[in-house]
């Protein structure tokens, strides 16, 4: 279910105004699944379902990354289109939300800065970052990665070719199991450009949206 479009200004930045009356009544553990979702596909949804099913979080927020003005990418679809596809994909998925929170932050926004702003905007919630095993192997290169782990924590899902045992050197880390679905957004875009079917790779509503848009 998507966030509302009304925005409020807090601590010098803009954020989406969700139904605050509802949110303020219950603190939740929120998994932040950040990405370009270019487009969102069935692999993303399978991971999100497992995170919630295994109790690693109470809710999962798909945080759609905006276009970085310093890194022009011709293959990256418009951020509003990518946001719309996430909304379509999770319409019938309980416990999942779509967020354009980063659209309203200074760009580029490092992960630690986004998490800090989320904590300010929604102090009643506990935010944790969801990443793949591939990113876990290079997280030491991220800006203030130690603060990300110590202050927010990680939820890690498996990625092909990466072995992340639960005796990881990183504390405050939860490992979840999830199917290794061989789908990539790049492959989906290539198939669309060739006029090939993407059935089974993306939710049906997303597939129809892509075909009607591209």
Among the residues of the range 146-167, write down those that are in contact (Cβ under 8 Å) with a residue 12 or more places away in the chain and surrounded by fewer than 17 Cβ atoms within 10 Å (Cβ to Cβ).
-> 147, 150, 151, 160, 161, 162, 163
Heads up, the helices (runs of 4 or more DSSP H) in the range 130-214 (entirely inside) with at least 2 residues that are modelled with pLDDT of 90 or more, farther than 18 Å from residue 31 by Cα and touching a helix residue (DSSP H, G or I) at 6+ places or on another chain (Cβ under 9 Å) are 185-194, 204-213
What single numbered condition from (1) under 20 Å from residue 56 (Cβ atoms); (2) in a helix (DSSP H, G or I); (3) in contact (Cβ under 8 Å) with a residue 60 or more places away in the chain; (4) out of contact with any helix residue (DSSP H, G or I) (no Cβ under 7 Å at 6 or more places or on another chain) fails to hold for residue 97?
-> (2)
Out of the residues in the range 51-67 that are out of contact with any helix residue (DSSP H, G or I) (no Cβ under 6 Å at 6 or more places or on another chain) and touching a residue at least 60 places away in the same chain (Cβ under 8 Å), state the one that is surrounded by the most Cβ atoms within 10 Å (Cβ to Cβ).
-> 51
Search result, residues across the range 68-82 that are in a helix (DSSP H, G or I) and touching a residue at least 40 places away in the same chain (Cβ under 8 Å) = 81, 82
Of residues in the range 100-121 being touching a helix residue (DSSP H, G or I) at 6+ places or on another chain (Cβ under 7 Å) and not in a helix (DSSP H, G or I), the one surrounded by the fewest Cβ atoms within 10 Å (Cβ to Cβ) | 105
Kindly establish whether residue 86 is crowded, with 21+ Cβ neighbours inside 10 Å and in contact with a helix residue (DSSP H, G or I) (Cβ under 6 Å, 6 or more places away or on another chain).
-> no
From 129, 210, 118, which residue is more than 20 Å from residue 43 (Cα to Cα), touching a residue at least 60 places away in the same chain (Cβ under 8 Å) and touching a strand residue (DSSP E or B) at 6+ places or on another chain (Cβ under 9 Å)?
-> 118
How many residues of the range 31-50 are under 11 Å from the mean Cα position of the chain (by Cα), outside any helix (DSSP H, G or I) and touching a residue at least 60 places away in the same chain (Cβ under 8 Å)? The answer is 7
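The values are calculated or read from the model by the stated rules, or taken from the named source; none is laboratory data. Worth saying up front: this structure is predicted, and the values here are computed from it rather than measured. Note that each Cβ is placed from the backbone with ideal geometry, even for glycine, and that neighbours are counted across all protein chains shown.
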